[in-house]
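First comes the structure, then the notes that go with it.
Just so it is clear, none of the values below were taken in a lab; they were calculated from the coordinates. Because the structure is predicted, anything quoted here is derived from the model rather than measured. Cβ sites come from the backbone with ideal geometry, for glycine too, and all protein chains shown count toward neighbours.
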Amino acid sequence: MVKSINSRDYNKWRSQFPQENSSIGFVPTMGALHQGHLYLVQQAKRQCSQVVISIFVNPRQFNDKNDLENYPVQLEEDFALLSKEGVDIVLVPSIQEIYPPNDTTSIDMTSYAHLAQGLEGDHRPGHFQGVVDVVSRLLTIVKPQKLYLGKKDYQQLNVLKAMVKKEKFALDVIGVPTQRASSGLALSSRNALLSEEGRVRASNIYEALQCAKASALHGEGLDMACAKGKAVLQAAEGVTEEYFLIANRHTMSINEVGNPEEWVVFCAAHVEGVRLIDNVEVFD
Ligand code: PAF
């Protein structure tokens, strides 16, 4: 059975591996694990001698109270899945361990604030501040050599790469491709909140992204690519678009997107009241 520990016990476990010789891969999560998370774990296992996963539903990154309250929590199922993957340690810190009441500090994001603007940054105010705060605190506890993050949260990946560099964490950030159901629906903890029919409807998000990508690859230009993708979404029953945009893969800018080689198509949409995000790189 997998060993679940708090940060004090983690420190004891961690002290047996000297920083200069250790090879610890870290997968931070908010639980409700699915095959996408397990794929991150599998990549980490391939490249590192120890794999640590954290489960912590981070209140600071939820701008919507209902979203936080509805976030699926299923620790027993998570532990069972991780046991099968042969994970070494599951860090399950308490809220006080991550945010001690006397510590009100936040990471200064000024030098990479542009990466956190637009897309999720505009639609979820304060979200990325919450993400960099929690991940920096987790990294300080875990002290990994490699950090594994999914490309489904593409903007988060870019923001966290910048945070790691700025805060001088000595580790590599590995962006792992999005895992999908056979329908194309990106695997996400939030899919657990959808009915069977909702999942079928939600797969139109991937259809729309693929349609925009095909258009971009045919050289039809950004406006046409977006228009074609949006048309697929609008025709899909029960899917409400929040945004459908093309941005530059490095800068996240939607105004200066560069060449199609640098384009990523992003979508946020609602199905059965559940907010879903996905993206595809035009050239992967
Ligand atoms: O991607 C997530 O699940 C979360 O944003 C993360 C990185 C675990 C931070 O809470």
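Ranked for footprinting exposure by Cβ neighbours inside 10 Å, fewest first, His127, His114 give His114, His127. Taking each residue as 0.36 nm, the span from Ser106 to Ser49 lengthens on full extension beyond its C-alpha to C-alpha distance by 17.3 nm. Starting from 0 in steps of 10 Å, tell me what percent of the Cα-Cα pairs of the chain lands in each bin. Per 10 Å bin, starting at zero, the Cα-Cα P(r) for the chain comes out as 6, 27, 36, 22, 7, 1 percent. Against the chain, whose longest principal axis comes from its Cα atoms, helix 127-142 is set at around 30 degrees. In degrees from 0 to 90, rounded to the nearest 10, what is the angle of the helix 75-85 Cα long axis to the longest principal axis of the chain? It is inclined by approximately 90 degrees. When the Cα gyration tensor is reduced to axis lengths a ≥ b ≥ c, the ratio a/c is 1.5 or higher for segment 215-284, and with a/b above b/c it is classed as prolate. In sequence order, segment 110-115 has phi-based couplings of 3, 6, 10, 4, 4, 5 Hz under the Karplus curve 6.51 cos²θ - 1.76 cosθ + 1.60, θ = phi - 60°, and Gly or Pro positions carry x. Applying 1/(1 + (r/R0)^6) with R0 = 30 Å to the Cβ-Cβ distance of Gln96 and Glu197 gives a FRET efficiency near 0.15. Decide, for segment 145-284, between rounded, prolate and oblate: order the square roots of the alpha carbon gyration tensor eigenvalues as a ≥ b ≥ c, take rounded if a/c falls under 1.5, and otherwise choose prolate if a/b is larger than b/c, else oblate. It is oblate, given that a/c is not under 1.5 and a/b is not larger than b/c. About its Cα centre, the chain has a charge dipole of approximately 860 debye under the convention of +1 per Lys or Arg Cβ and -1 per Asp or Glu Cβ, with nothing else charged. Listed values for segment 220-233 are Karplus-derived 3J(HN,Hα) couplings in whole Hz (6.51 cos²θ - 1.76 cosθ + 1.60, θ = phi - 60°), namely 7, x, 5, 5, 5, 4, 5, 4, 5, x, 4, 4, 5, 5, and x replaces Gly and Pro.
Using C-alpha pairs below 8 Å separated by at least 6 residues, the relative contact order for the chain is 17 percent. The length gained on full extension between His270 and Glu242, counted as 0.36 nm times the residue separation minus their Cα-Cα distance, comes to 9.4 nm.
Segment Thr140..His114, full-extension length gain: 6.9 nm, with 0.36 nm per residue of separation and the alpha-carbon distance subtracted. The distance between label points at Ala181 and Asp122 comes to 2.9 nm (points 7 Å beyond Cα on the Cα→Cβ vector).
Rounded to the nearest Hz, the phi-derived 3J(HN,Hα) couplings of segment 257-269 under the Karplus curve 6.51 cos²θ - 1.76 cosθ + 1.60 (θ = phi - 60°) are 8, x, 7, x, 4, 9, 8, 10, 8, 10, 9, 10, 8, where x marks glycine and proline. Sorted ascending by nearby beta carbons within 10 Å, beginning with the fewest, Asp78, Asp64 become Asp64, Asp78.
Net charge around Phe17, counting only other residues with Cβ within less than 13 Å of its Cβ (Lys, Arg = +1; Asp, Glu = -1)? Computed value for this residue: +1. Going by the alpha-carbon gyration tensor, a ≥ b ≥ c the square roots of its eigenvalues, is segment 56-103 rounded (a/c under 1.5) or, if a/c is not under 1.5, prolate (a/b greater than b/c) versus oblate? The shape class here is oblate.
Exposure proxy ranking for Leu187, Leu115, based on other Cβ atoms within 10 angstrom of each Cβ and starting from the fewest, stands as Leu187, Leu115. Taking the C-alpha atoms only, the angle from helix 154-166 to the longest principal axis of the chain is near 40 degrees.
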